[in-house]
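Colleague: Before anything else, here's the structure in question.
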Amino acid sequence: MKDASLLNKDLALTEQQFREAITNDFIGAEFTDRLEWAMLMIQQNFHQMRFAEYLPAVTRNHFDKAYLIADGPDTLHRQMQYFMPFTDLQATPEIFPDLNIKLMTLEETIQLNKVKQLDLRTKQNLRSRLQYAYEISSAFYNKHTEAFYGFKDGYELNRGFFSLASKFEDADKLSVTELPNPISLHPSYVLPPNAIRLLPKRQLMDIMKLIAMSYQVALSMYYEWSVYIKEYDNIGLIVPVEPQILSELYKTSLMRFESKKQMVHFVKEHYRRKVARPDEDFSVFVKRYLRGEHRFNYRGFYAEVVPPKYDLLRTRTRKKFVDASG
């Protein structure tokens, strides 16, 4: 008879031991330190937290192009500015109908999250009856085992969720129709009708904040410059940057180019004088376009500058850029 194998037996801890294991108390305040730690950690092992055998696995590749959210006073990064969730400026599925946002946060805990809005056909297969449905992949880092533990959940919600405003602060006062409802991500399984009442309040609040914040991050990054950084044989992270900071870094040894081309930048619309004959000239109108190099080496990492999608949609260019929403 084979010995029984216990799933995630290394997580059989008391609540206090578990909280201590996932507490981020070893990464310094400088952003360059945090970036290098993040690049190191996403190479670590990924284990599955299987609450049910039918749940799909969460792998490292789920989180490629995750937005790195980590404070730091040093050069490459500034804290990404975004509108707080559940305000009059809350972004909605009407603005981003195909949301697919990935985040890596280095705060009290170290987490990876992916929030993907499900299309209509998938919703129908899962028998989702509310207006929007989401697949949420998550992973938390255990510093003792040096590994991430991933899991995946499904939720559905109504349009009114995005106009909760200050009501979000107290989940006890919200009606069941205003809360995200858990759903199975497998068409052959269903969750009990009272599944939402079985969730701890803290978990429910975290899910609500994650969904709302994902739309706010998508809104911010639609207008933000960013850099995609990765090990040459690994997945990468998206780091929002100030274009002014980029122009300064291009003059230092931190960034090394394969060519001597100028950094990528927008050239504003202008008139260019053309010589027609030796004794006359004429001018032609040149639309706004992108020019310069956008791939470089940063501290041994492969990196690409990613201009804002808002500008890319309005600018003539043949350059191929990383799609951070993919």
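The values are calculated or read from the model by the stated rules, or taken from the named source; none is laboratory data. Quantities reported herein were computed from a predicted structural model and do not represent experimental measurements. Heads up, the Cβs are rebuilt from the backbone with ideal geometry, glycines too, and the neighbour counts pull from every protein chain shown. These accessible areas exclude ligands, DNA and RNA; they are computed on the full protein's heavy atoms, side chains included. Shrake-Rupley method; radii C 1.70, N 1.55, O 1.52, S 1.80 Å.
Colleague: Can you tell me the relative contact order of the range 9-239? Whole percent, Cα pairs under 8 Å, sequence separation 6 or more.
Modeller: That works out to 24 percent.
Colleague: For every other residue with a beta carbon closer than 10 angstrom to the beta carbon of residue 112, add +1 if it is Lys or Arg and -1 if Asp or Glu, then tell me the sum. Each step should come with its number before you reach the end.
Modeller: On the way: positive: 60, 102, 114; negative: none.
Surrounding charge for residue 112 is +3.
Colleague: Would you please give the FRET efficiency between residue 87 and residue 274, computed as 1/(1 + (r/R0)^6) with r the Cβ-Cβ distance and R0 = 56 Å, to the nearest 0.05?
Modeller: So, using R0 = 56 Å, E works out to roughly 0.65.
Colleague: Which whole-number value in Å² is the accessible area per residue of the range 9-239, probe 1.4 Å?
Modeller: Result: 50 Å² of accessible area for each residue.
Colleague: List, in order, the whole-Hz ³J(HN,Hα) value for each residue of the range 25-40 obtained from phi through the Karplus relation with A = 6.51, B = -1.76, C = 1.60 and θ = phi - 60°; use x for Gly and Pro.
Modeller: Values per residue, Gly and Pro as x: 10, 10, 9, x, 7, 5, 5, 4, 5, 5, 4, 5, 4, 4, 5, 6 Hz.
Colleague: When the accessible area of the range 9-239 is split by element with a 1.4 Å probe, what percent falls to carbon and sulfur?
Modeller: That share works out to 50 percent.
Colleague: Here is a further query. Keeping all protein chains in position, work out how much accessible area residue 209 exposes to a 1.4 Å probe, and write it in Å² to the nearest 10.
Modeller: In the full protein context, residue 209 sits at about 100 Å².
Colleague: Among 65/123; 114/173; 173/209, which pairs are too far apart, with a Cα-Cα distance over 21 Å?
Modeller: Violating the 21 Å limit, Cα to Cα: 65/123; 114/173.
Colleague: If you restrict to DSSP beta bridges whose two residues both lie in the range 7-165, what percentage is antiparallel, to the nearest 5?
Modeller: Numbers: 26 of 33 bridges.
Of those bridges, close to 80 percent are antiparallel.
Colleague: Here is a further query. Kindly report, to the nearest 10 Å², the accessible surface of residue 178 as traced by a 1.4 Å probe over protein heavy atoms only.
Modeller: The accessible area comes out at roughly 40 Å².
Colleague: Moving on. For 296, 96, write out the residues from largest to smallest accessible area, computed with a 1.4 angstrom probe and no ligands counted.
Modeller: Greatest to least solvent exposure: 96, 296.
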